[in-house]
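Just so you know, all these numbers are worked out from the coordinates, no wet-lab data involved. From a predicted model like this one, the values you see are computed outputs, not experimental measurements. We place every Cβ from the backbone using ideal geometry, glycine too, and count neighbours over all the protein chains shown.
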Amino acid sequence: MPGTFTCRHCGATVSRNPRLKKSQKYCSAPSCQQARKNAWGRKEYRTNKTHRKKRLESQKACYAKRPGHAYQATYRESHPEYDRRNCELQRKRNKSRSKDGGSMIVNTDALSLQATIDGAYALIPVTKGEKIVNTDALVVQLRAMTGAQGFSPL
C-alpha cells in the first residue's frame, strides 16, 4: 500500500510505511507518536471498563504513596527560585489589593464547626472577580426553628 498520507498531529504529508497493514494516521516523529498514544489512551479509557478500572486503581495507589501536599512541598524545596519569585509576585498582588481597597486573596468565609455568633445569616452572591480563591465557601449556619421562631417577617 505505497503512497502518502497526512499526519493527524503535525499535518505533514509523508510516505506510508509499507510494513504497516492498517492505514497509517501518524508519522514517526516522537511528538506525533506521543499524540497517537495519548489518543489511544483516551479512547481506551472511554470504551474499555477494565482499562479504566486498572488506571484508576493505579492512580489511587500513586496518590496514597505521595499525597498532593507532599508533592507541592517537595517541588518548592527543590525549586527555590520558583518559591522566591512566587512570594515576590504575591507581595505585589497584596499591595495592589490593599491600595485599591479590594478583597484579600484568602477566603475568610471558611466553614467552622463551632458557630461564633448565633443568629440568622444571609446568602449573598459573590460577583466574579472579587476573590481569587474559591468563593463557594459555606457562609450560613442552619438551625432548626420551631413554633413562632420559624416565621419571622423580613
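Quick notes on this one:
- Bridgeable lysines around Lys49 (alpha carbons under 22 Å apart, same-chain partners fewer than 8 residues away excluded): Lys37, Lys60.
- Here's the list of lysines a cross-link from Lys92 could span, going by alpha-carbon distance under 29 Å and ignoring same-chain residues fewer than 8 apart: Lys128, Lys131.
- From largest to smallest, the equivalent ellipsoid semi-axes obtained for region 4-48 from the alpha-carbon gyration tensor read 21, 12, 8 Å.
- Taking one quarter of the surface of the convex hull spanned by the alpha-carbon atoms of region 1-100 gives a direction-averaged projected area of 12.1 nm².
- A simple rule links phi to the HN-Hα coupling: the Karplus curve 6.51 cos²θ - 1.76 cosθ + 1.60 with θ = phi - 60°, which for region 11-18 gives x, 6, 9, 10, 6, 6, 7, x Hz, with x for Gly and Pro.
- Summed side-chain charge close to Gln33 - residues other than Gln33 whose Cβ falls under 14 Å, Lys, Arg +1, Asp, Glu -1: +4
- Rounded to the nearest whole Hz, the Karplus-based 3J(HN,Hα) values (6.51 cos²θ - 1.76 cosθ + 1.60, θ = phi - 60°) of region 76-93 follow the sequence 5, 5, 8, 10, x, 5, 5, 4, 4, 4, 4, 4, 4, 5, 5, 4, 4, 5, with x at glycine and proline.
- For region 41-57, backbone phi angles converted through the Karplus equation (6.51, -1.76, 1.60; θ = phi - 60°) give residue-by-residue couplings of x, 5, 5, 4, 4, 6, 9, 10, 5, 5, 4, 4, 4, 5, 5, 5, 5 Hz, Gly and Pro being listed as x.
- Using the Cβ-Cβ distance between Tyr75 and Lys43 with R0 = 35 Å, the FRET efficiency computed as 1/(1 + (r/R0)^6) comes to roughly 0.65.
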